[in-house]
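Participant: Questions regarding the structure given below will be posed in turn.
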Amino acid sequence: MGTWMELPLRHYVRLLARYLRAQWPRVALLGLLLLADIGLRLLNPQIIAGFIDRVTTGAPAALLLRSAGIYLVVTVLQQGVATLTTYESETVGWTATNGLRTDLVAHTVKLDPSFHKAHRPGEMIERIDGDVNAISSFFSQFVVQVLGNSILVIGVIAVLARVDWRVSVV
């Protein structure tokens with residue numbers, strides 16, 4: 001008798017792929033939004049650095065105001081993209097887990113009567129809904145956060161390499 005912790009990672013990846021495959025346009029949009037969010041996060045410090053460089057060289061006030069305006073626009077845009085990313089992530093997660101719930105209910109309905117006598121309806125509802133909610137939280141938060149933060153770290157290292165390769169190595 002195995003538990004979910006004993007399953008290899010590839011089983012989880014196959015399970016995730018099975019329920020995301022039908023949503024590939026939304027998953028692709030989610031990927032693009034995630035990349036746009038990360039790109040805007042990496043752009044903002046560059047805008048600030050340019051602003052500071054202009055201040056220290058005595059640039060005209062109009063140029064400084066334009067830099068500040070660009071920073072504000074990029075910040076608002078990044079927040080909007082982050083919100084859309086969260087929305088798409090939740091939509092994809094709920095759609096995938098609703099498919100999983102449907103499959104689990106169909107499977108349990110087909111089980112023999114002795115199984116249904118051994119397990120009360122409330123227990124079955126809790127297992128199906130509760131376990132699927134736990135999986136949903138894991139995939140919608142953990143996977144997106146880990147993937148997004150990994151790409152962000154790679155982007156930060158790339159930006160640092162552009163500034164000074166020795167800093168990016170550290």
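Participant: With a cut-off of 8 Å between alpha carbons and a minimum separation of six or more residues, what is the relative contact order of the stretch 1-160 in percent?
Facilitator: Values: 73 pairs, mean separation 53.0, N = 160.
Relative contact order, the stretch 1-160: 33 percent.
Participant: How large are Rg and Dmax for the stretch 98-170 when only the alpha carbon atoms are used, in Å?
Facilitator: Looking at the stretch 98-170, its Cα Rg and Dmax stand at 22.6, 69 Å.
Participant: Related question: Using packing as a proxy for protection, rank 77-83, 157-163 so that the peptide with the highest average count of other Cβ atoms within 10 Å comes first.
Facilitator: Listed from highest to lowest mean packing, they are 77-83, 157-163.
Participant: Output the Kirkwood hydrodynamic radius of the chain, Cα pairs only, in Å rounded to one decimal. Let's see the in-between values first.
Facilitator: Numbers: mean 1/r = 0.0506 Å⁻¹.
Result for the chain stands at 19.8 Å.
Participant: Take the chain, connect every pair of alpha-carbon atoms lying under 10 Å apart with a spring to form a Gaussian network, then pick out the residue of 31, 122, 39 with the largest mean-square fluctuation.
Facilitator: With Cα springs under 10 Å in the chain, the top fluctuation among 31, 122, 39 is at 122.
Participant: Connecting C-alpha atoms closer than 10 Å in a GNM of the chain, tell me which of 66, 21, 41 has the biggest fluctuation.
Facilitator: 66
A short reminder: the numbers here are calculations on the coordinates, not readings from a lab. Given the structure is predicted, the values throughout are model-derived calculations rather than measurements. FYI the Cβ positions are ideal-geometry reconstructions off the backbone, even for glycines, and counts take in every protein chain you see.
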